[in-house]
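S.K.: Before anything else, here's the structure in question.
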Amino acid sequence: MSIFDPHSLHFTHFPSLQRSLLSFSMGFFLFFFLSLLSLASSASRDHHKTFIVRVQNDAKPSIFTAHKHWYESSLASVLSPSTPAQVLHVYDTVFHGFSAKLSPTDALNLQTLPHILAVIPEQVRRLHTTRSPHFLGLQTTDSAGLLKESDFGSDLVIGVLDTGIWPERQSFNDRDLGPVPSKWKGQCVTTKDFGPGSCNKKLIGARFFCSGYEASNGKMNETSEFRSPRDTDGHGTHTASIAAGRYVFPASTLGYAKGVAAGMAPKARLAAYKVCWTAGCFDSDILAAFDSAVADGVDVISLSVGGVVVPYHLDAIAIGAFSAADQGVFVSASAGNGGPGGLTVTNVAPWVATIGAGTIDRDFPADVKLGNGKVVPGVSVYNGPGLSPGRMYPLVYGGTGGGDGYSSSLCLEGSLDPVFVKGKIVVCDRGINSRAAKGEVVKKAGGIGMILANGVFDGEGLVADCHVLPATAVGASNGDEIRGYIDSASKSKSPATATILFKGTRLGVRPAPVVASFSARGPNPETPEILKPDVIAPGLNILAAWPDKVGPSGVSSDSRNTEFNILSGTSMACPHVSGLAALLKAAHPEWSPAAIKSALMTSAYTVDNRGETMLDESNGNTSTVLDFGSGHVHPSKAMDPGLVYDITTMDYIDFLCNSNYTINNIRVLTRKNADCSGAKRAGHVGNLNYPSLSAVFQQYGRRNMSTHFIRRVTNVGEPNSIYKVTIRPPSGTVVKVEPEQLVFRRVGQKLNFLVRVQTMAVKLSPGGTSMQAGSIVWSDGKHEVTSPLTVTMQQPI
């Protein structure tokens, strides 16, 4: 038994990824190791934090009537007499064990007990913060589409793990819904601010989990947040309505995006599990929510939060998701908003659907007109007191207004000189504080408007925000142009001027979809042979429900109320797929979570509404599989994919064996006893029956390299089908598929095929990486089952 198994970092297998991987997880592991190394110091220097403890469940002595009593006794046996043995959560559905606040000394002592399998330090996660049903082809008028076939998802339950919900919103009305599904075992937890009438036949369950949050932060301030499932942030209400909001008309935000608002599965039932608070989302609470959601009977879990990437057996989300999937629950999670840089994708476990973000064919133009006549494109959602038509206003850059320059360039709180900015439009650089908060800073200092300029890392991707003053966002190159104009005007002794031209809502935007600049990118930092993200879905400027008492900008001074708000993030993309998964599960109740994910992946598309490969918003270049995975979801095609790549629990265990996880670590993660001897002989990590294929080669001076993949497809189309393969090999490779034809006699029949990949070494500098992409497509004339194939060459350091 050990708290941490360094072998599971897998650095030995992918040395050229070592530095990048460390940038993701070093903070986590440094804390962990330094905490444990400090045990030699005095007890007064021990810092307590929350740990999640995996226990051998069947080892409970019969003297204990309940597992909680046994856990408390185990704690008491290692704690000092003056320290209470307080269990925060007991887990018994997706995980066997408990969580508790411990010092590193306590954690070390606890893991010496024979029935303790692992002691896992808690992570704090962060939120990855409408025309989208129409854009995805989901319309109420369809006579034979996915909505019709699934009865709009009416008997399915989507569990949303987030900031809670505002139940009074019309998106959650239960008009014309049938009775609550008989399988439902959940609760609607009532409090003084979340009464008995908060739940209905639409919102059928609501719980909150705050023990982990309060263990780390002290008792919550109930004047600023509710000790209940009620949402005081807005994020959870927004994501829940994206997944399963009812049809609401008219809907808009401050007059923008007028039309009908609807979720992906309008008749699916919702269960809200509040796990995120003002200080973040704590692993012990998230795992407790997974435990309750699966026991309650949800069919889909939607989770729009993330943290640093760690080995799967140390990742509470991966642990909870594994057992959820094992019990038939589809889990979708946001990929993260760390883009456009590579190796930024999170929630990368192969049993989780990892969702990136794309644009839709709608935006909110708000252009900047400069005094020299130049018009610079921007975006914004603003409808308050505006700038006078035809008038030009003084324009300044915050970074030249005194102070340390850096803080004022970012328009941080208190950094702007009111004498310098009063009555002017202020250019603020993006970073540190929120985009809308910068506008509040400008407004407090007397500025009349703001231009928010992307930094180099942000690129040209634009996010429309509900600002508290006239403001717009511009890309990095246009930000440089505006600053250059200000500098030029200053040198010529003529005042720089500008105005902002708000143009409302624009539809039919081309190109669309585009991979959102912020959407996290691959490769997968934990398992490079599993392509992540899996797919992308609408995540930019999405209209969805919003609570009372939270201004649409999210800043404290914003007292405006709106029933809907426009937000962006992979947080918004994830619930699109959660809702689609519910529809697919309703249409195909026999499909496993892996089969549903396969249908979404193999039917995804990679071309935009111009008929060309999707672009990368950050730079305008053609995007790649590392940006969009298998592509953008295509709901109607996912309903009838032809073939699916199914994955069993034992397949995942073989994958973990081939990934060099120890038997104990596999048991911690899966609650299963594994025998890795056969798995290691059977193949390699890339042989998991995943719908995408990724080969990773270490060059090590070799000129010729090869590998193979074994895949198994299940016929979910028509009997007596013949599928023929089309190979689009990655550049510089030779790819062969055996056999080249699959003949299915019946629905449900499974057939295997072999993919051989040969390549030659390429010139790379030490630590360098080169990736080429292609695809394998199986077609019977009606269905096209597409799998991305990537080949990555790495030059060891």
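The values are calculated or read from the model by the stated rules, or taken from the named source; none is laboratory data. Note that the coordinates shown come from a computational prediction; the quantities given were computed from them, not determined experimentally. Backbone-built Cβ (ideal geometry, glycine too); neighbour counts: all protein chains shown. Quick note on the areas: whole protein, heavy atoms, side chains included, nothing else; ligands and nucleic acids left out. Shrake-Rupley method; radii C 1.70, N 1.55, O 1.52, S 1.80 Å.
S.K.: Are there trypsin sites (Lys or Arg not before Pro) in region 586-667 that DSSP marks as loop and that have at most 16 other Cβ atoms within 10 Å, and which are they? Please report the intermediate quantities before stating the final value.
M.R.: Working: sites: Lys597, Arg610, Lys637, Arg667; in loops: Arg610.
Those satisfying the criteria are Arg610.
S.K.: Additional query: Going by average Cβ neighbours within 10 Å, how do the peptides 233-239, 720-726, 435-441, 544-550 rank, with the highest at the top?
M.R.: Details: 233-239: 28.6, 720-726: 15.7, 435-441: 23.9, 544-550: 21.9.
Top of the packing list down: 233-239, 435-441, 544-550, 720-726.
S.K.: Here is a follow-up. Mark the label point 7 Å from the Cα of Gln56 along Cα→Cβ and return the residues of region 97-120 whose backbone N is within less than 12 Å of it.
M.R.: 113-118
S.K.: Over all directions, the average projected area of the alpha-carbon convex hull for region 49-121 comes to how many nm²? Mind dumping the intermediate values first?
M.R.: On the way: hull surface 18.2 nm².
Taking a quarter of the hull surface, the average projection is 4.6 nm².
S.K.: Express the accessible area of the chain per residue in Å², computed with a 1.4 Å probe while the remaining protein chains stay in the model.
M.R.: Working: 28980 Å² over 797 residues.
Result: 36 Å² of accessible area for each residue.
S.K.: Sticking with this structure for a sec: For Ala66 and Lys183, what is the calculated FRET efficiency with R₀ set at 30 Å and r taken between the beta-carbons, to the nearest 0.05?
M.R.: Values: r = 26 Å, r/R0 = 0.86.
Using R0 = 30 Å, I get an efficiency of 0.70.
S.K.: Find the Rg to Rh ratio for region 365-504, where Rh is the Kirkwood radius over alpha-carbon pairs and Rg uses the same atoms. Kindly include the intermediate steps, with their values, before the conclusion.
M.R.: Numbers: Rg = 13.2 Å, Rh = 14.4 Å.
Taking Rg over the Kirkwood Rh, I get 0.92.
S.K.: Give me the dipole magnitude in Debye, nearest 20, for region 208-256 about the Cα centre, with unit charges on the beta carbon: positive for Lys and Arg, negative for Asp and Glu.
M.R.: Values: 4 positive and 5 negative charges, 31 e Å.
Here region 208-256 has a charge dipole of around 140 debye.
S.K.: Which percent of the accessible heavy-atom area of the chain goes to carbon and sulfur, probe 1.4 angstrom? Don't jump to the answer; show the numbers that get you there.
M.R.: Working: 15170 of 28980 Å².
Result for the chain: 52 percent of the exposed heavy-atom area is carbon or sulfur.
S.K.: Farthest toward the dipole's positive end in the chain, which of Met450, Tyr312, Leu580, given Cβ charges of +1 (Lys, Arg) and -1 (Asp, Glu) about the Cα centre?
M.R.: So the residue we want is Met450.
S.K.: I would also like to ask the following. Per the Kirkwood definition applied to all pairs of different Cα atoms, how many angstroms is the hydrodynamic radius of region 439-549? Kindly include the intermediate steps, with their values, before the conclusion.
M.R.: Values: mean 1/r = 0.0572 Å⁻¹.
Taking the inverse mean of 1/r over all distinct Cα pairs, region 439-549 comes out at 17.5 Å.
S.K.: So for the pair Ser559, Ala295, with labels modelled 7 Å out along Cα→Cβ, what separation do we get in nm?
M.R.: 4.5 nm
S.K.: Continuing with this model, one more query. State the dimensionless ratio Rg/Rh of region 440-494 (Rg: radius of gyration of Cα atoms; Rh: Kirkwood radius). Numbers along the way, then the final one.
M.R.: Working: Rg = 12.8 Å, Rh = 12.4 Å.
Answer for region 440-494: 1.03.
S.K.: I would also like to ask the following. So, in nm, how far is label Gln741 from label Gln86 when the simple model puts each one 7 Å beyond its Cα toward the Cβ?
M.R.: 7.0 nm
S.K.: Sorted by mean Cβ packing within 10 Å, highest first, what order do the peptides 158-166, 410-418, 574-582 take? Please list the in-between numbers first.
M.R.: Values: 158-166: 30.2, 410-418: 18.7, 574-582: 32.9.
Ranking the peptides 158-166, 410-418, 574-582 by packing returns 574-582, 158-166, 410-418.
S.K.: For region 190-285, which trypsin sites (Lys or Arg not before Pro) are both in a DSSP coil and crowded by at most 10 other Cβ atoms within 10 Å?
M.R.: On the way: sites: Lys192, Lys201, Lys202, Arg207, Lys219, Arg227, Arg230, Arg246, Lys258, Lys267, Arg269, Lys274; in loops: Lys192, Lys201, Lys202, Lys219, Arg227, Arg246, Lys267.
The qualifying sites are Lys192, Lys219.
S.K.: Report the Rg/Rh value for the chain, based on alpha-carbon coordinates and the Kirkwood definition of Rh.
M.R.: Numbers: Rg = 26.6 Å, Rh = 27.4 Å.
So for the chain, dividing Rg by the Kirkwood Rh gives 0.97.
S.K.: For the chain, list the cysteines whose Cβ sits under 4.7 Å from no other cysteine Cβ?
M.R.: Lone cysteines by the Cβ rule: Cys210, Cys466, Cys574.
S.K.: Compute the distance in nm between two label points, each set 7 Å from the Cα along the Cα-to-Cβ direction, one at Phe457 and one at Ser388.
M.R.: 4.1 nm
S.K.: In deg cm²/dmol and to the nearest 500, what is the mean residue ellipticity at 222 nm of the chain if only DSSP H runs of at least 4 residues count, each as -39500 (n - 2.57), divided by the residue total?
M.R.: It lands at -6500 deg cm²/dmol.
S.K.: Quick one: which residues, 5 or more positions from Asn619 or on another chain, have an amide H under 5 Å from its amide H? H modelled 1.01 Å from N in the peptide plane, none for Pro or chain starts.
M.R.: Placed amide hydrogens put Glu460 under 5 Å from Asn619.
S.K.: Right, next: Taking amide H positions as placed 1.01 Å from N in the peptide plane, with prolines and chain starts having none, which residues 5 or more places from Ala537, or on another chain, fall under 5 Å of its amide H?
M.R.: The answer is Gly356, Ala357, Gly358.
S.K.: Related question: 5 Å is the cut-off here: which amide hydrogens, built 1.01 Å from N in the peptide plane, fall below it relative to Gln749, excluding neighbours closer than 5 in sequence?
M.R.: Sorted by chain and number, the residues that satisfy this are Asn715.
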